[in-house]
Amino acid sequence: MTDDGTFHHGDATGAAPIVEMKNIEKHFGNIIALAGVSFDVRPGECHCLLGDNGAGKSTFIKTMSGVHKPTKGEILFEGKPMSFSTPRDAMEAGIATVFQDLAMIPLMSVTRNFFMGREPTKGKGLLKRFDIDYANEVTMVEMRKMGINLRGPDQAVGTLSGGERQTVAIARAVHFGAKVLILDEPTSALGVRQTSNVLATIDKVRNQGIGVVFISHNVRHALAVGDRFTVLNRGQTLGTAKRGDISPEELQDLMAGGQEMAALEGSLGGTV
Amino acid sequence: MENSSTPPVDERVKSQPFFAKLMQRPELGAIAGVILVVIFFSITADGSMFSLSGFMNFMSPASQLGILAIGAALLMIGGEFDLSIGSMVAFAGLFFAVCVINWGLPLAVAIPLTFVFAGCVGAINGTIVIRSGLPSFIVTLAFLFILRGLSLVGLKAATGGSTQLRGVRDATETDWLTPFFSGDAFPGLFAWLAENGWVETFKNGTPKVPGIPVEILWFVVITLLATYVLLRTPAGNWVFAAGGDTTAASNSGVPVTRVKISLFMLTACCAALVAIITVIDAGSTDARRGFQKEFEAIIAAVIGGCLLTGGYGSAIGAFFGAIIFGMVVIGLTYTDFDQDWFQVFLGGMLLIAVLFNNAIRKRVTGER
Ligand SMILES: Nc1ncnc2c1ncn2[C@@H]1O[C@H](COP(=O)(O)OP(=O)(O)O)[C@@H](O)[C@H]1O
Ligand SMILES: [Mg+2]
């Protein structure tokens, strides 16, 4: 996925943001994980969040998906101030997230994981029950769309490979991401084919008018699908660039914090 | 290369024989245990153990324990423990007896009030566990003593110095709700069976077993309900999720706090039900009621396949776990063995069950 022209990129500059985060700060005790980060996602765009390990990317998207309450700052959802007190609130608003740790339960089946917290039901009143047949069917179909053939929907997630697990988490978020889809390093355990599958999925989702937040370590992956790029470094934004306004090298440099990277790259002969 | 049009059959799986599928059910160990115990007592015990009256004899204590064990099992699947259920039986028993005797309330008021009261105590337990983030083991251990102590103090206050509160029988005898919580159900059916000579009778023609003790019916109904909720409702999925991994469940939108506190309330209500049944049955309540039942209930749940780490187990398993328990306690009286072998037997079962469950968990999670 190296050539930039693979996907038709959204041009979302006109649309109003679905989620707008203003000067978000997050402190854990005396650790300042986020020191004023601003970020927004518009419908039909893929906004990449880049940054080194420990930059605060995961912490940042967790404030967006209702896991953390920001210490300071403002979150606007569709223009209105919003404070999600639980991930469930964010989900109900239409924000689905693939967390870096995937949020899957090894002892439970793929289907039960897929619909965890959002179980489809049939029947009414006291007879309202988990529609397992429908859930199994959807799970198999969604997984097949991602290029993975499950052995069975009742297979325990613990018996899946790392990549398969990641794919279940992505398929789940795509299935439920009504307005915003957040992916925290979703391709880290994936092989080449699954990675291109995920990037193609991001493109497809974006074309449906959903805003995608894509966190990645890999500048190539980001450049392949991203419309805008925000780089985080030590809890602060180094700015947001539009596609075309920034070269892969500049992006790489920003991510790694500039000079050190230049020096490293020199010694490695420009291979990173 | 596979692609999206590949049929959903995966060539890498050997087709699983029925038996291998069965091996993965959490309740398997308990069912195997029941079979073993039945074989053991068929050989060693007097034949009357497995007559109809013998059956009711061991099912009655099994049910009283089993109602607690189902609550304990659900809570364990939800990732928590409650060591205070035994004391809760005494505490709820005291509250119920005070309602009936000191306040003279009819059962239609006293029983719901007792459940509300127990639910509140369970909610306090759960809230402290969740808010403090402390292990439920330690918080509920504190409540084991607090509730037992309060039961003693309360009993003395209610009776003016005695540790036994009598007079429940007189107060409840004529209440229309009493038959639902005490005595034997379906006496007509059993009398009819006796008339036709289909069940054993005494000389005068009355059946040896006058009916099904109501606690057995409660036990069966609660087991079926719990199984339905666990396997067929969203709430059941939340219980497994909350016990499997709190953070993952919460991040996936499961209201973990609500689930866990509800489970603590449910467990306390199971204790209250046992209290109501046994207090009406005995006609009095005392401070030793439910003594050490928390351990027995947890053991039954573990024999039934619940993992101590949460996220795995079944109500059907706990059902059989409790029956094993009842069979062993009562069964030994039908044999020539010393009664005190009971504890050895129990510890042995627990150990085997834990080892077995551990192996199963590794299979399910593919852990090596
Ligand atoms: N719950 C927490 N408590 C304390 N510190 C935390 C917590 N979560 C994250 N941090 C700290 O915040 C910083 C950013 O972490 P993270 O957002 O996970 O980085 P990234 O995802 O960019 O690699 C790290 O220094 C990390 O140690
Ligand atoms: Mg991270």
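Take the accessible area of chain A alone and of chain B alone, subtract that of the pair, and you get about 2900 Å² summed over both chains, using a 1.4 Å probe. Listed by chain and number, the lysines whose alpha-carbon sits under 18 Å from that of residue A:69, ignoring those within fewer than 8 places in the same chain, are A:22, A:26, A:57, A:80.
Relative to a virtual label point 7 Å from the Cα of residue A:245 in the Cα→beta-carbon direction, which members of the range A:46-71 show backbone nitrogen distances below 16 Å? Of the residues in the range A:46-71, A:46-50 have backbone N under 16 Å from the label point off residue A:245.
Other protein chain C-beta atoms within 10 Å of residue C-beta, averaged over A:62-70: 1.
Taking A:30, A:233, A:207 as the candidate residues, the one with maximal mean-square fluctuation in a Gaussian network model of chain A, Cα springs under 10 Å, is A:30. Solvent exposure of chain B, expressed per residue, is 46 Å² of accessible area, with all protein chains present and a 1.4 angstrom probe.
Measuring nothing but protein heavy atoms, the accessible surface of the protein assembly as shown at 1.4 Å probe radius is 60 percent carbon and sulfur.
In order along the range B:315-325, the phi-based Karplus estimate (6.51 cos²θ - 1.76 cosθ + 1.60, θ = phi - 60°) of 3J(HN,Hα) comes to 6, 4, x, 4, 4, 5, x, 5, 5, 4, 4 Hz; Gly and Pro are listed as x.
Annotation: the protein assembly as shown has a Kirkwood hydrodynamic radius of 27.9 angstrom, from the mean reciprocal C-alpha pair distance.
Measuring r between the beta carbons of residue B:258 and residue B:217 and using R0 = 51 Å, the FRET efficiency lands at 0.95. Projected area of the range B:258-368, taken from the Cα convex hull and averaged over every viewing direction, in nm²? Answer in nm², one decimal: 9.2.
Our helix-only sum for chain B, with -39,500 (n - 2.57) per DSSP H run of n ≥ 4 divided by its residues, gives a mean residue ellipticity at 222 nm of -22000 deg cm²/dmol. With only Lys, Arg, Asp and Glu charged, each at its Cβ (+1 for the first two, -1 for the last two), find how big the charge dipole of chain A is about the Cα centre; round to the nearest 20 debye. Computed about the Cα centre, the dipole is about 1060 debye. Could you tell me which of B:306, B:264, A:135 has its Cα farthest along the dipole of the protein assembly as shown towards the positive end, charges placed at Cβ (Lys, Arg +1; Asp, Glu -1), taken about the Cα centre? Highest projection toward the positive end goes to B:264. If you sort the three axes of the alpha carbon gyration tensor as a ≥ b ≥ c, you get a/c of 1.5 or more for the range B:314-356 and a/b no higher than b/c, which makes it oblate.
Along the range A:102-118 the Karplus relation, 6.51 cos²θ - 1.76 cosθ + 1.60 evaluated at θ = phi - 60°, assigns HN-Hα couplings of 6, 6, 10, 10, x, 6, 9, 5, 4, 4, 5, 5, 4, 9, 3, x, 9 Hz to successive residues, with x for each Gly and Pro. The Rg/Rh ratio for chain A is 0.98, where Rg is the radius of gyration of the alpha carbons and Rh is the Kirkwood radius.
Straight-distance candidates among the aspartates and glutamates for linking to residue B:203, with alpha-carbon spacing under 16 Å and chain neighbours fewer than 8 residues away dropped: B:195.
For chain B, a Gaussian network of Cα nodes joined below 10 Å ranks B:300, B:90, B:191 by mean-square fluctuation, and the top entry is B:191. Pairwise alpha-carbon distances in the range B:26-136 exceed 25 Å for 46% of all pairs. The accessible-area loss of the range A:74-99 on complex formation, taken against its chain alone with a 1.4 Å probe, reaches 20 Å² or more at A:87, A:88, A:91, A:99.
P(r) for chain B, from all Cα pairs and a bin width of 20 Å, is 27, 54, 17, 2, 0 %, short bins first. Dividing the summed -39500 (n - 2.57) terms of all DSSP H runs of n ≥ 4 by the residue count of chain A sets its mean residue ellipticity at 222 nm at -9500 deg cm²/dmol. The charge dipole of the range B:164-233, taken about the Cα centre with unit charges on the Cβ atoms of Lys, Arg (+1) and Asp, Glu (-1), comes to about 160 debye, rounded to the nearest 20. Loop-located chymotrypsin sites (Phe, Trp or Tyr not before Pro) across the range B:114-181 with a Cβ neighbour count of 14 or fewer within 10 Å are B:176, with loop assigned by DSSP.
The values are calculated or read from the model by the stated rules, or taken from the named source; none is laboratory data. Everything numeric here is computed off the predicted structure, so don't read it as measured data. No Cβ is skipped: glycine too gets one built from the backbone with ideal geometry, and neighbour counts run over all protein chains shown. Keep in mind that these areas ignore ligands, DNA and RNA; they rest on the heavy atoms of the full protein, side chains included. Shrake-Rupley method; radii C 1.70, N 1.55, O 1.52, S 1.80 Å.
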